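The values are calculated or read from the model by the stated rules, or taken from the named source; none is laboratory data. Quick caveat: nothing in here was measured; it's all calculated off a predicted structure. Ideal geometry is used to build each Cβ from the backbone, glycine not excepted, and the neighbour counts take in all protein chains shown.
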Ligand code: FFO
């Protein structure tokens with residue numbers, strides 16, 4: 001977690017002030033990498049309490065292929081509310097691309113099912129990839145997210161664009177390319193989400209867990225998060241919690257919220273910050 005705090009400091013000290021789509025303004029650097037050895041514990045930020053509920057429900061929702069926020073709302077999760085249409089649609093975002101990528105003749109590709117098959121049957125493959133960047137369905141950046149969604153485009157293009165998995169010495173590692181990363185609010189969620197997914201896939205494939213690697217394109221701090229970042233940089237990270245998965249579900253699609261327990265999460269108080277839309 002030290003590396004995350006170092007990155008925040010790097011951006012504050014060396015970043016360039018830039019305008020952005022949301023009109024908020026950011027300070028940003030380009031091209032950074034963070035890595036976590038999952039053997040050292042579950043990479044949940046300890047210098048600010050995170051809302052694990054939101055992270056886990058979001059991941060389970062992606063895995064169902066759903067792109068309407070109804071499921072999230074039913075479970076008290078509001079992190080996608082701002083981008084959806086009035087009926088809760090986000091257009092063909094993550095879930096749709098992961099589970100139902102449409103080929104030319106309308107054929108649908110389930111990238112997650114194919115990934116699990118590949119990891120089980122051909123672990124040494126260098127093609128264990130999940131890609132969210134479906135060029136045909138990218139939104140028009142001049143329009144609002146919900147306007148794009150209403151027209152069948154993605155409300156937002158994927159931030160976590162490309163996942164690659166790697167098996168060696170009986171352990172599963174994951175690498176994720178994030179084109180644009182809101183370091184104060186998004187990054188801790190994205191890190192934990194990738195760690196959850198890696199643990200789930202490893203369990204399904206009877207593998208141990210290795211490392212997760214996050215490669216970030218535009219790594220930025222929104223200008224209305226500067227004070228919160230300064231507060232966070234005064235804090236010292238504590239020991240990482242552990243993840244307990246209480247049973248082995250039939251498939252990667254059968255995990256439920258209550259299957260997961262985070263043990264010994266000792267975090268410092270939450271720090272509130274506004275989300276840029
Ligand atoms: N938009 C921005 N500006 N930043 C992001 O990281 C993202 N996301 C997706 C899509 N849009 C984004 C949404 N992810 C919060 C955290 C992650 C989000 C959206 C919102 C957030 O407000 N977190 C609060 C607590 C809210 C809660 O969990 O109920 C917090 O951590 O303090 C990137 O994936």
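Does residue 224 count as buried (at least 20 other Cβ atoms within 10 Å of the Cβ) and within 16 Å of the ligand (Cβ to nearest atom)? For residue 224, the condition - buried (at least 20 other Cβ atoms within 10 Å of the Cβ) and within 16 Å of the ligand (Cβ to nearest atom) - is not met. One residue stands out among those in the stretch 71-94 that are surrounded by fewer than 21 Cβ atoms within 10 Å (Cβ to Cβ) and farther than 20 Å from residue 275 by Cβ: the one that is farthest from the ligand (Cβ to nearest atom), which is 87. Just one of the listed residues (148, 121) is at pLDDT 95 or above, more than 19 Å from the chain's Cα centre (by Cα) and closer than 23 Å to residue 179 by Cα, namely 148. Flag: residue 60 does not match the condition of being modelled with pLDDT of 95 or more, within 11 Å of the ligand (Cβ to nearest atom), on the phi < 0 side of the Ramachandran plot and surrounded by 20 or more Cβ atoms within 10 Å (Cβ to Cβ).
Among the residues of this structure, residue 139 counts as one that is within 16 Å of the ligand (Cβ to nearest atom) and either free of Cβ contacts under 8 Å to residues at least 12 places away in the same chain or assigned to a loop (DSSP other than H, G, I, E, B) (or both). Suppose the filter is loosely packed, with under 14 Cβ neighbours inside 10 Å, without any contact (Cβ under 8 Å) to a residue 12 or more places away in the chain and on the phi > 0 side of the Ramachandran plot; does residue 106 pass it? It is true that residue 106 is loosely packed, with under 14 Cβ neighbours inside 10 Å, without any contact (Cβ under 8 Å) to a residue 12 or more places away in the chain and on the phi > 0 side of the Ramachandran plot.
Restricted to the stretch 22-48, and to residues that are out of contact with any strand residue (DSSP E or B) (no Cβ under 9 Å at 6 or more places or on another chain) and surrounded by fewer than 17 Cβ atoms within 10 Å (Cβ to Cβ), which residue is farthest from residue 227 (Cα to Cα)? Explain how you work it out, then say what you get.
Initial filter on the stretch 22-48 (out of contact with any strand residue (DSSP E or B) (no Cβ under 9 Å at 6 or more places or on another chain)): 23, 40, 45-48.
Still in the list and also surrounded by fewer than 17 Cβ atoms within 10 Å (Cβ to Cβ): 23, 40.
Working: 23: 18, 40: 30 Å.
The extreme case among them is 40.
Check the stretch 234-255 and report whether any residue there is under 16 Å from residue 1 (Cβ atoms), outside any loop (DSSP other than H, G, I, E, B) and within 16 Å of the ligand (Cβ to nearest atom). No, the stretch 234-255 contains no residue that is under 16 Å from residue 1 (Cβ atoms), outside any loop (DSSP other than H, G, I, E, B) and within 16 Å of the ligand (Cβ to nearest atom). Provide a single number: the residues in the stretch 142-183 that are away from the ligand (no atom under 15 Å from the Cβ), assigned to a loop (DSSP other than H, G, I, E, B) and in contact with a strand residue (DSSP E or B) (Cβ under 7 Å, 6 or more places away or on another chain). Residues flagged as away from the ligand (no atom under 15 Å from the Cβ), assigned to a loop (DSSP other than H, G, I, E, B) and in contact with a strand residue (DSSP E or B) (Cβ under 7 Å, 6 or more places away or on another chain) within the stretch 142-183 amount to 1. Being in contact with a helix residue (DSSP H, G or I) (Cβ under 6 Å, 6 or more places away or on another chain) and within 27 Å of residue 112 (Cβ to Cβ) is true for just one of 252, 221. Which residue is that? On inspection, the qualifying residue turns out to be 252. In the stretch 261-276, the residue that is nearest to the ligand (Cβ to nearest atom) out of those that are free of Cβ contacts under 8 Å to residues at least 60 places away in the same chain and farther than 12 Å from residue 44 by Cβ is 272.
When residue 42 is tested against (1) under 17 Å from residue 186 (Cβ atoms); (2) in contact (Cβ under 8 Å) with a residue 40 or more places away in the chain; (3) outside any helix (DSSP H, G or I); (4) in contact with a helix residue (DSSP H, G or I) (Cβ under 7 Å, 6 or more places away or on another chain), only condition (1) is not met.
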